[in-house]
Amino acid sequence: MTTNDVAVTSEPEVVTKDRVVIRFAGDSGDGMQLTGDRFTSETAAFGNDLSTLPNYPAEIRAPAGTLPGVSSFQLHFANYDILTPGDRPDVLVAMNPAALKANIGDLPHGGVLIVNTDEFTKRNLTKVGYDANPLEDDSLADFQVHPVAMATLTRGALEETGLSKKDAERAKNMFALGLLSWMYHRPHEGTERFLREKFARKPEIAEANVLAFRAGHAYGETTEAFAVTYEVAPAKLAPGTYRQITGNTAMSYGIVAAGRTTGLPVFLGSYPITPASDILHELSKHKAFGVTTFQAEDEIAGVGSAIGASFGGALGVTTTSGPGISLKSEAIGLAVSLELPLLVIDVQRGGPSTGLPTKTEQADLLQAMFGRNGEAPLPIIAPQSPGDCFHAALEAAAVAVRYRTPVIVLSDGALANGSEPWNVPDVSALEPVDPQFATAPNAPDGSGEFWPYLRDSETLARPWAVPGTPGLEHRVGGLEKADGRGSISYDPDNHDRMIRLRQAKIDGITVPDIEVDDPSGEAELLVIGWGSTFGPIVAGARRVRGKGHKIATAHVRNLNPMPANLGEVLRRYKTVLAPEMNLGQLALLLRGRYLVDVKSYTKVSGLPFKAEELQDVFLDYLSGDHPDTNTTNGATHGAVTGAQA
Amino acid sequence: MSTDLGLPSIGGLDLVPHTDAKQTAKDYTSDQEVRWCPGCGDYAVLAAVRQFLPTLGIKRENTVFVSGIGCSSRFPYYLNTYGMHSIHGRAPTIATGLAVSRPDLSVWVVTGDGDALSIGGNHLIHALRRNVNLKILLFNNRIYGLTKGQYSPTSEVGKVTKSTPMGSVDHPFNPVSLALGAEASFVGRALDSDRKSLTEVLGAAAAHRGSALVEIFQDCPIFNDGSFDLLRKPETKDQRLIAVRDGEPIVFGPADDQYAVVQKGFRLEVVKAASVDPSEIVIHDAANHELAFALSRLSDQNLDHTVTGIFRNVDRTTYDDGARAQVQQAKDRNPDVDLQALLNGRDTWTIAG
């Protein structure tokens, strides 16, 4: 090839695509999450719809270059509204042999593979069990392989800066980002600004990262190695102002906003736990909004302090993940008995026990529902997407204040760390909630006493009288209380009545009817989900419809109490299928409550469902091939099918 | 290194609304029938507290008692203030959330040796370390009463109880040493039946800004009767009870047969006052952490020498004042804080309709 040839062919072909999935994979020290975040921000700024899936080890720095140390970030972006972070990457960026080995199985034939060759040393290859260098044999022949000496090129670009070899090489993730940004025509002003702000205290590091980023971009432009670049047009989303947001950030903003809508100071009592800690971090930045954050000595103190704050008239909040919910159970039961507002955020992760701290799962539903001693009902709300965490937190706070009850919000690891474009709500349109503090004695007998358990006839909520209110001094506690008066009561009939009153209060909470998406109105299969499975379920259903089939979907956002029309909806369909990242917890509730033969498709791998996988399951059910379609007692079936999908 | 938050040193009740109205013990008595066993030491403490609270001159509705689980934890029901009977061991956590969010309240925790030192041990030490403005009354009867007589974390080694028929092999806590080790800024001790001293310690605790731990020795007449008799009987108490007072030499006993506390190496020792030069007698200094600890080590489970009064009383920025100051500072710095701007963040894009 002559230089003239290069000149002639230097303008690469631009291919237009509807959607692309990119996965950045490297060592956990390689900055893959940051790289993914930045590409996401650029993509959001460009106006694509997007969805992301970070996937990283629980260890902060697992041994370098090993398979357990691989960290990845997958991003799906498109020119239409998408619902999942994508099943398989179209492009895999592998920063070392471990990242290649751990991820190559997901790359489809013909997929683009960009490899940082500098890390493919004999030692690193041996570490992950490669006998030969896969870049030098034909094992990668099925893929479009682009070997790039990223560390060397980065070092070269930073020669002038005087940075040490080691420091210079650390910027290689920005080189990769620059290269991909060029390939996909992403804007780059945001990243340069971001880097200058992030490293404001170390301007030389900021400059090095910007240089590396530009070098990656220039490399794409000037080498003839890449014959094609891709264009994904902006998506046509609903009108509005958008930003990119993760579930944990949206949840934090929802809590801040709840302080505004209720007019209450927010008090967060929390103990650090993955993957919920970011909510504590975020809220601790927003003191100016009247938010107090308290890092407690343990999970129990987290919820205890929140209950104390609520007793004092604040909006008490506690945030945690599954193991923390286990520890908080007794205190949540106390809040049920005290009938005080309390927000409990459970960002679910893999269990049981310590389980898989950084992976997602939705196996705390029954714990949220029943995980307390005695009859201790409480409302449960589960957001369906990262941005929806904002609305879930707001709704939970409104219910907590209106009904004087603890409310559990069930998020999960995929929502917490995943991100999407978010149609930013108009603050002036948020519905205010009047806490209606008690100010005067209320005894119906005219005695001038205050009865702390005299209920509102409509909501069955009790009065919330905060210390400092003269004449309303009263005592509450975990012992059973006399209906109305609230003094200790061991009376059998009173206990039975109070149990039923507490249940009736929760059962009577107003929740919106469930909406069914059944475009043809003729579907016989209804797929019902909750929480973060919303995306893959709807995406799977779209694919099935695209093949000419009829399928209905519905999503249960209010898990307790459930929508009033849910039983009727379930009975309308010949087959009801509930895909869950647990062994069938929603299905158990639905079967028990509505006597409908709900089928389960379950997978508990720590990763979200894939759209293709659900599509195949749906098709099985539609064609009658699925074993469960021919049985009447099909409870939990799926793990094996899931693995085959 | 400590961070100076620049907060003024103020008293424990300075932010609580005061009243000039005359209040009585009756005002602080709820309509609930008291249900402790006849002869229980809790009665004496309840009577003392009902007498004592009106003297504080604060509004009754701004007083809150929070308790855990156990006999003593029924205490809030019997006071006509705001109150919460919570769950086992967790009262300090609830009181912490309340005290942080409400500076205008006088917050009290009522707990026992099992509640505070066994199931709630973690919360106790952290509340003390943080120095939250709350007062902890630790009723120590060295036994589990409500569960009908098992040994507690303050029971003597060898104690025969329902759960230790061959005697307990468990080593007990010294609650005062524990509190001092947990960085408590105020630690006091009193005997339930000594109304005068108890009231004095409670008064100083209420005036103290920060966490105050008051250990109250108290009898369980059903399961551990007479456990503090050595400190009560006229014939033994004089040789055993050492009432300390800030700035005064530590001497005790009848005038004609006085004892004194002197320093010996790193420890304190009790000697006949007449046998030492008066200059050798230790002067109590409630600001001296090491002295307070040494005093706590004079008393053992055998009650040979038992110090009462205020061991330690020092000023240290409270957690709740610090936390509120940060919130205020953030508000002052951002007077025009805008929720819409927060939600929008820095990078938004608009899709037109």
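Just so you know, all these numbers are worked out from the coordinates, no wet-lab data involved. Everything quoted here is computed from the prediction, not taken from an experiment. No Cβ is skipped: glycine too gets one built from the backbone with ideal geometry, and neighbour counts run over all protein chains shown.
Count charges around A:Leu158 for me, please; just the other residues with Cβ under 12 Å from its Cβ, Lys/Arg as +1, Asp/Glu as -1. Present the calculation step by step, with values, prior to reporting the outcome.
Values: positive: A:Arg155, A:Lys165, A:Lys166, A:Arg170, A:Lys172, A:Arg214; negative: A:Glu159, A:Glu160, A:Asp167, A:Glu169, A:Glu204, A:Glu207.
That works out to 0.
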Exercise for the section: Would you grab the residues whose amide H sits under 5 Å from the one on B:Ser185? Only those 5+ places off in sequence or on another chain, please, with H modelled 1.01 Å from N. Expected result: B:Ser211
Exercise for the section: Please list the non-local residues whose amide H lies under 5 Å from the amide H of A:Tyr242, H modeled 1.01 Å from N, same-chain partners needing a gap of 5 or more. Expected result: A:Val424, B:Trp349, B:Thr350, B:Ile351
Exercise for the section: Quick one: work out the % antiparallel among DSSP beta bridges in region A:311-415, nearest 5. Expected result: 5
Practice task
Take every DSSP beta bridge whose two residues both sit in region B:233-339, then give the antiparallel share in percent to the nearest 5.
Solution key: 70
Exercise for the section: Please report the Cα spread of the protein assembly as shown along all three principal axes, rounded to whole Å, starting with the longest. Expected result: 116, 70, 60
Problem - Backbone HN-Hα couplings from phi across region A:450-460 [Karplus 6.51/-1.76/1.60, Hz, Gly and Pro as x] - result: 9, 9, x, 10, 7, 8, 5, 5, 8, 8, 6
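Report the charge-dipole magnitude of region B:6-49 in Debye, nearest 20, computed about the Cα centre from +1 at each Lys and Arg Cβ and -1 at each Asp and Glu Cβ. Working shown, then result.
On the way: 3 positive and 6 negative charges, 16 e Å.
About 80 debye.
Given a Förster radius of 30 Å and the C-beta distance between A:Lys122 and A:Lys166 as r, what FRET efficiency does 1/(1 + (r/R0)^6) yield to the nearest 0.05?
Details: r = 21 Å, r/R0 = 0.69.
E between A:Lys122 and A:Lys166, to the nearest 0.05, is 0.90.
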Handout entry: Mean Cα-pair separation over length for chain B, i.e. relative contact order, pairs under 8 Å, 6 or more apart, %
Key = 16
Problem - Calculated from backbone phi, Karplus (6.51, -1.76, 1.60) coupling profile of region B:72-79 in Hz, x at Gly/Pro - result: 5, 6, 6, 2, x, 4, 9, 10
Completion exercise
Here the residues of region B:301-325 lying in the modelled label zone of B:Ile10, meaning backbone nitrogen under 16 Å from a point 7 Å along Cα-to-Cβ, are B:316-325
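Once the Cβ-Cβ distance between B:Leu146 and A:Arg61 is put in as r, and R0 is 56 Å, what FRET efficiency do you end up with, to the nearest 0.05?
On the way: r = 49 Å, r/R0 = 0.88.
Using R0 = 56 Å, I get an efficiency of 0.70.
Shape verdict for chain B, please, from the Cα gyration tensor: rounded (a/c under 1.5), prolate (a/b greater than b/c) or oblate.
Taking the square roots of the gyration eigenvalues as a ≥ b ≥ c, chain B is prolate.
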Practice task
Would you tell me the mean number of C-beta atoms belonging to other protein chains that fall within 10 Å of each C-beta in A:291-302, as a whole number?
Solution key: 5
Problem - Sites A:Lys17 and A:Lys547 - FRET efficiency at Förster radius 25 Å, r taken between beta-carbons, to 0.05 - result: 0.70
Problem - Cut-off under 5 Å, modelled amide H: who pairs with A:Lys481 long-range - result: A:Ser489
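Relative contact order for region B:156-310 using alpha-carbon pairs under 8 Å, separation at least 6, rounded to a whole percent?
Working: 245 pairs, mean separation 33.0, N = 155.
21 percent.
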Fill in the blank from the handout: Links exceeding 19 Å between C-alpha atoms in this model, out of B:Lys196/B:Lys233; A:Lys328/B:Lys135; B:Lys196/B:Lys237; A:Lys574/A:Lys599; A:Lys547/A:Lys610; A:Lys505/A:Lys599, come to A:Lys328/B:Lys135; A:Lys505/A:Lys599
Practice task
Could I have the simple spin-label model distance between B:Ser163 and A:Asp493, label points 7 Å from Cα toward Cβ, reported in nm to one decimal?
Solution key: 3.9
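Given Cβ point charges of +1 (Lys, Arg) and -1 (Asp, Glu) and nothing else, what value in debye, to the nearest 20, does the dipole of chain A about its Cα centre take? Don't skip to the end; give the middle numbers.
Values: 56 positive and 77 negative charges, 184 e Å.
Its charge dipole is roughly 880 debye.
For chain A, what is the calculated [θ] at 222 nm in deg cm²/dmol (nearest 500), taking -39500 (n - 2.57) for each run of four or more DSSP H residues and dividing by its residue count?
Working: 22 runs with 236 residues, N = 645.
Dividing the helical sum by the residues of chain A leaves -11000 deg cm²/dmol.
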Problem - Point-charge dipole on Cβ atoms (K/R +1, D/E -1) for region A:420-549, about Cα centre, debye to 20 - result: 400
Problem - 3J(HN,Hα) from dihedral phi, region A:203-210, Karplus parametrisation 6.51/-1.76/1.60, rounded to Hz, x for glycine, proline - result: x, 5, 6, 4, 5, 4, 5, 5
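Can you bin region B:22-119 into rounded, prolate or oblate? Criterion: square roots of the alpha carbon gyration tensor eigenvalues sorted a ≥ b ≥ c, rounded for a/c under 1.5, prolate for a/b above b/c, oblate for the rest.
On the way: a/c = 2.09, a/b = 1.06, b/c = 1.97.
Cα axes put region B:22-119 in the oblate bin.
Taking a ≥ b ≥ c as the square roots of the Cα gyration tensor eigenvalues, with a/c under 1.5 meaning rounded and otherwise prolate when a/b beats b/c, else oblate, which class fits region A:134-202? Could the numbers behind the result be given before it?
Values: a/c = 3.25, a/b = 1.53, b/c = 2.12.
Taking the square roots of the gyration eigenvalues as a ≥ b ≥ c, region A:134-202 is oblate.
Under 11 Å from the Cβ of A:Val256, count the other residues' Cβ atoms, weight Lys and Arg +1, Asp and Glu -1, and hand me the total.
Numbers: positive: A:Arg260, A:Lys285, A:Lys287; negative: A:Glu282.
Around A:Val256, the charge tally is +2.
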Handout entry: region B:123-161 residues near the modelled B:Glu183 label - backbone nitrogen below 11 Å, point 7 Å along Cα→Cβ
Key = B:126-132
Handout entry: A:His185 versus A:Asp513: modelled label distance in nm, points set 7 Å from Cα along the beta carbon direction
Key = 4.5
Handout entry: Net charge of Cβ neighbours under 12 Å - reference A:Asn423; Lys, Arg +1; Asp, Glu -1
Key = -4
Fill in the blank from the handout: For chain A the mean separation of alpha carbon contacts under 8 Å (6+ apart) over residue count, i.e. relative contact order in percent, is 11
Completion exercise
region A:166-196 and region A:53-69 have their Cα centres apart by a whole-number Å value of 22
